[in-house]
Amino acid sequence: MSGADNVVWLGTPAFPEAARTALADTRLRANLRRATGTIRDKRLGVTSELEDWEELRERAAAVKRHTLRHLDHHLLRLEEAVTAAGGVVHCAADAAGANRIVTALVKQTGEDEVVKAKSMATQEIGLNEALADAGIRAYETDLAELIVQLDGDRPSHILVPAIHRGRSEIREIFRQEMRKWGRPAPDELTDDPRDLAEAARLHLREKFLRAKVAVSGANFAAADTGTVVVVESEGNGRMCLTLPDTLITFMGIEKVLPSFADLDVFLRLLPRSSTGERMNPYTSLWTGVTEGDGPQTFHLILLDNGRTAPLADEVGRRALSCIRCSACLNVCPVYERTGGHAYGSVYPGPIGVVLTPQLVGVENAASLLCGACYDARPVEIDIPEVLVHLRAEAVEAKRRARLLPTTEALAMKAAGAVLSSPGRLAAAQRVAALRARLVGPQRPDRRPARPAGPLARWSATRDTPAPPRESLRAWWRRTRPRVREDSRTTAGGKECR
C-alpha cells in the first residue's frame, strides 16, 4: 500500500526545515507554551486525585494488548453486533476506498452537504477534499475544527486543532471568512471567548437544522454490544449524532474494545489525560438504529489504512494502543516549540512520530527521546522504545536495498575495528593528536568546522569537536611516571595496588 493511498497529508518540508520556520514564529511559540502548560497542570491535578491511577493504566494496557493480538476476532464480533442492531458495516482497506464508500453513501441520499463531528480518521484520509471533488460540501462543527476550516488551515494538535491560534487571530478569521460559508460573524465581534463561541453557535445552528447527513469519528466501540462511543466537550458532536437522518461513522480498526464493560476504564483515563477533566461534558453512546429516535440509517466504516501492517511487529504495534488523548504532545519539548504543522502529519508529536511511519511507510521522526511522553501516556506505550526500534528498522531496510554500503556504514565499520583493538585505538589517537597540533588550538567562541564531502550530511546536524592534542593514556603516562607497570585491579574490583 503506497503513501498516496494512505494520504495522512505528508508532503510538507522535512521536519528540520519546517521546525526552523516554526521556531521563528514567536506568536506561535507563545500560544503553544500557554496552551500546553495549562493542559499539563490540569491533567496533573485530576490524575493525582485517583489512588488507583496506575492500576487503571495497567488495566487499559492489558486490554489493548489482548485486543490487538485478537483483533480479527473482535472486529467480526463488532460487525455482527452492529448489523444485528440495524446498522451497516463497511470495511475500507485504504483512504481511497474509504472516500469512495462515503461519497457513494452521501450521493444515495440525494444530498450535497454533510455536517461533521470531529474525526481524526477523516483528516487522515483527506475526506473533505474527496467530498469536494464529488460536489459535496462538508461543514466542520467542532469549534477548533471550524476555525481551521474557515482559515484554510490544517489541525496542529490531536485534541485542540487550533491550538496555534490566539483569540485575536480567531476573531479576524471569523470576521473575514464566516460569510463565505454561511451566516457571517457579528460586526461588533470581540475576542472574548464567549463572543467567539456565540458567533460559532449562530453560524452552525442553521447547518444542524437542515443537515440530512452527518459524518463522525469514534473514540471506542464495544464488540459484544456493537455500541459506538464519541466523547467531546462542546455538544456540537451530539447535534451531528442525533439530528440528521443518516449517520456515517469512521473508526480505525484499533479502536474496538472486547466488551462494553471495558469502557469503564477508558472513559476514566481519556478525559483526565486529554483535557484535564474528571469526565467529558458530552459522552454519546449508540447501538445501531432505534425507530423514532436519532438517525434512522447508520453506517460504520472500519478503516484499515495501514493499521494491519504493524500488527506483525510486536514492538511497533504498541502505537496502535493509542487512545488519542494528546498527553504526549502536551509534555513534549519538541512539540511545544514547533507545533504540529512541522511534523507534516495529521498525527503530530511523539505518538505521530511512531504511528505515521507505520501507516504510510515513510521516515518522519522528530523526538528528543527524553522520556516525558512515556511518563504521561495513559496507556502503557513506551514511545521512546518504539521510536528507536522503528529507526533501526528504517536503517536496516535502507542497508538491504543498497548494492554498496554507505559512507556512514563504512565509517562505523572502521570505528568498530579501531575501538575493538587497544593498539589501533592508540595509533588513531596519536594521528588525531598530531592533526590537532598542526591545526592549532580552537577558539572557544568558534563553532567546530563542518566537514564537507561524504561527511556533510552527518555533520549538518552534529558538532564534531577538534580532537585533543593529547590522549588520556598519554596524559596519564606523562603525569604519573611512578605508577608501576604491573598495577592491576584485584579480583573483586574493589581496590587497586
From the square roots a ≥ b ≥ c of the eigenvalues of the alpha-carbon gyration tensor of the range 205-297, which class results: rounded (a/c under 1.5), prolate (a/b over b/c), or oblate?
oblate
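Just to verify a number: FRET efficiency for Thr109 and Ala14, C-beta to C-beta distance, R0 = 51 Å, to 0.05? Numbers along the way, then the final one.
Working: r = 42 Å, r/R0 = 0.83.
For R0 = 51 Å, the calculated efficiency reads 0.75.
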For Lys107, the aspartates and glutamates lying under 15 Å Cα to Cα, once residues fewer than eight places off in the same chain are dropped, come out as Asp133, Asp245
Roughly how tilted is helix 407-419, in degrees to the nearest 10 and between 0 and 90, from the longest Cα axis of the chain?
40 degrees
Report the accessible area of Leu50, computed with a 1.4 Å probe over the heavy atoms of all protein chains in place, in Å² rounded to the nearest 10.
40 Å²
Quick check: from the Cα gyration tensor, does the range 19-175 come out rounded (a/c under 1.5), prolate or oblate?
oblate
Using a 1.4 Å probe on heavy atoms of the protein chains only, the accessible area for Phe250 in Å², nearest 10, reads 0 Å²
Quick check for me: using +1 on Lys/Arg Cβ and -1 on Asp/Glu Cβ, what's the dipole size of the chain about its Cα centre, in debye to the nearest 20?
3840 debye
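On full extension of the chain, what length is gained from Asp191 through Ala409, given 0.36 nm per residue of separation minus the C-alpha to C-alpha distance?
Numbers: separation 218, 0.36 × 218 = 78.48 nm, distance 5.57 nm.
Net length gain for the segment: 72.9 nm.
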Can you tell me the accessible area per residue over the chain, all protein chains present, probe 1.4 angstrom, in square angstrom?
51 Å²
Past 20 Å, Cα to Cα, is the threshold; run Lys64/Lys116; Lys42/Lys255; Lys42/Lys118; Lys180/Lys207 against it and keep the listed order.
Lys64/Lys116; Lys42/Lys255; Lys42/Lys118
Once you have a ≥ b ≥ c as the square roots of the Cα gyration tensor eigenvalues for the range 127-202, tell me rounded if a/c is under 1.5, and otherwise prolate or oblate according to whether a/b is larger than b/c.
oblate
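Counting only DSSP beta bridges with both residues in the chain, what percent are antiparallel, rounded to the nearest 5? It would help to have the intermediate numbers written out before the result.
Values: 10 of 34 bridges.
In the chain, DSSP labels about 30 percent of beta bridges as antiparallel.
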Put His389, His73, His66 in order of accessible area, largest first, 1.4 Å probe: what do you get?
His73, His66, His389
Per the Kirkwood definition applied to all pairs of different Cα atoms, how many angstroms is the hydrodynamic radius of the range 324-436?
16.7 Å
Considering only protein heavy atoms and a 1.4 Å probe, what is the carbon-and-sulfur percentage of the accessible area of the chain?
53 percent
The chain - mean residue ellipticity at 222 nm from DSSP helices (-39,500 (n - 2.57) per run, n ≥ 4, rounded to 500)
-15000 deg cm²/dmol
Tilt of helix 349-360 relative to the longest C-alpha principal axis of the chain, in degrees (0 to 90, nearest 10)?
80 degrees
If you look at just the Cα atoms of the chain, how large are its Rg and its Dmax in Å?
27.6, 97
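The values are calculated or read from the model by the stated rules, or taken from the named source; none is laboratory data. Remember, predicted model here, so these are calculated numbers, not experimental data. All Cβ positions, glycine included, derive from the backbone under ideal geometry; neighbour counts span all protein chains shown. Keep in mind that these areas ignore ligands, DNA and RNA; they rest on the heavy atoms of the full protein, side chains included. Shrake-Rupley method; radii C 1.70, N 1.55, O 1.52, S 1.80 Å.
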